[in-house]
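Enquirer: Please see the structure below; I have some questions.
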Amino acid sequence: MSQKRTFLITGASKGIGFALSQRLAASGHQVIGIARSAPAQPFPGHFVALDLADSAGFKQALEDITAQFPLDGVINNVGLVRPQYLADVTLDALDEVLKVNLQPALLATQAALPGMQSRGFGRVVNISSLTVLGVPQRTSYAAAKAALVSFTRSWALELATQGITVNAVAPGPTETELFRASNPPGSLGEQRYLSSVPMKRFGQPDEIAATIAFLLSEEAGFMTGQTLYVDGGASIGVAQI
Ligand code: NAP
């Protein structure tokens, strides 16, 4: 039986973050979740309402959270997509996307670090994306998600001897609010994504959550610095001839 742990999840009220919160809580772990507004269903843990684009507010919240909870791990899940063609990308749009995808990941991981180091155990999972392999209209988003892979590899090396693993999960198209906002049913986007997935279906949030939960487990202790594509085969499908 694995030990009960305490995990912080950003973007925890919907989609992948909420599915993960439910899955971890069902396994007996304590979950602290953050999002701007409370989930439609009761949150299975401690919920903090906060806009993660507000770095100062998040830093304060992290002080409160780490004073109250011994964090064993952080899942940097919050993400922001602004679909734009290259010619339309403004510096403000680039900043906005990088800010939400990267800054909370850095701040949350830094806040949890001293506790994880003192206990000699820690798990960090950064949520990247299949789009790092190349997708139109994702200049800012894919750049941010590629930087998360880079964070993962750097942090994994820095923390490798301290019992702290750092990995990334790169989901393919997954049936969530975020995905549907850019790809409504019947849209060209939906068709494009569906045709690119060898399994010919979208992922379900709990299928992504299951992989994240594995990376958080004791059993995944020898795995660090990796990026796992959970994408119905889409990342290998691009090499078809
Ligand atoms: P989702 O269903 O839209 O959920 C996003 C979560 O983040 C919600 O809880 C949302 O709650 C919260 N959130 C968004 N902006 C926030 C902000 N500024 N401050 C605080 N909380 C914020 O998204 P998802 O599809 O599960 O995505 C989760 C992660 O997977 C993201 O990093 C995304 O880029 C990545 N991903 C998703 C897919 C996909 O196809 N779905 C594919 C690849 C990667 P509030 O709106 O209440 O704040």
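Enquirer: What residues qualify as long-range amide H neighbours of Val124, i.e. H under 5 Å apart, gap of 5 or more or another chain, H built at 1.01 Å from N?
Expert: Those qualifying (amide H under 5 Å, at least 5 residues apart or on another chain) are Val74, Thr165, Val166, Asn167.
Enquirer: If you roll a 1.4 Å probe over the range 91-167 with all protein chains in place, what percent of the accessible area is carbon or sulfur?
Expert: 57
Enquirer: Then there's this: Which Cα, out of Gln110, Phe222, Thr152, lies furthest along the positive dipole direction of the chain (beta carbon charges, K/R +1, D/E -1)?
Expert: Positive-end residue among those listed: Phe222.
Enquirer: Another one. State, as an integer percentage, the relative contact order of the range 154-241 based on alpha-carbon contacts under 8 Å between residues 6 or more apart.
Expert: So the answer I get is 46 percent.
Enquirer: If amide H atoms are built 1.01 Å from N in the plane of the peptide, which residues on other chains or at least 5 residues away come under 5 Å of the amide H of Ala12?
Expert: Ile34, Ala35
Enquirer: Can I ask one more? For the range 185-241, with only Lys/Arg (+1) and Asp/Glu (-1) charged at the beta-carbon, what is the dipole magnitude about the Cα centre, in debye rounded to 20?
Expert: Dipole magnitude for the range 185-241 comes out near 340 debye.
Enquirer: If you take the Cα atoms of the chain, find Rg, then find the Kirkwood Rh from the mean of 1/r over all pairs, what is Rg/Rh?
Expert: Across the chain, the Cα-based Rg/Rh ratio is 0.95.
Enquirer: Only helices at least 18 Å long along their own axis, judged from Cα atoms, and with Kyte-Doolittle mean hydropathy of -0.5 or greater: name those in the chain from DSSP H.
Expert: Going by DSSP H runs, the hits are 55-68, 91-119, 139-159.
Enquirer: For every helix of n ≥ 4 consecutive DSSP H residues, a contribution of -39,500 (n - 2.57) applies; sum these over the chain, divide by its total residues, and give [θ] at 222 nm rounded to the nearest 500 deg cm²/dmol.
Expert: Value at 222 nm, helices only: -14000 deg cm²/dmol.
Enquirer: Assigning unit charges at the beta carbon (Lys, Arg +1; Asp, Glu -1) and nothing else, what dipole magnitude in debye, to the nearest 20, does the range 147-221 show about its Cα centre?
Expert: So the magnitude is around 360 debye.
Enquirer: Where nothing but the Cβ of Lys and Arg (+1) and of Asp and Glu (-1) is charged, how large is the charge dipole of the range 105-241 around its Cα centre, in debye to the nearest 20?
Expert: Around 280 debye, computed over the range 105-241.
Enquirer: While we're here: So what is the relative contact order for the chain, in percent, with contacts set as C-alpha pairs under 8 Å and at least six apart?
Expert: In percent, rounded to a whole number, it is 20.
Enquirer: Could you do me a favour and compute the accessible area per residue for the range 35-98, 1.4 Å probe, result in Å²?
Expert: 56
Enquirer: Just to check I understand the Karplus step: with θ = phi - 60° and J = 6.51 cos²θ - 1.76 cosθ + 1.60, what whole-Hz values come out for the range 30-44, glycine and proline as x?
Expert: Karplus values, whole Hz, x for Gly and Pro: 8, 10, 10, x, 10, 6, 6, 10, 5, x, 5, 9, x, 7, x.
The values are calculated or read from the model by the stated rules, or taken from the named source; none is laboratory data. Values in this document were obtained by computation on a predicted structure and should not be read as measured data. All Cβ positions, glycine included, derive from the backbone under ideal geometry; neighbour counts span all protein chains shown. Accessible surface is based on the protein model in full, side chains and every heavy atom, while ligands, DNA and RNA are left aside. Shrake-Rupley method; radii C 1.70, N 1.55, O 1.52, S 1.80 Å.
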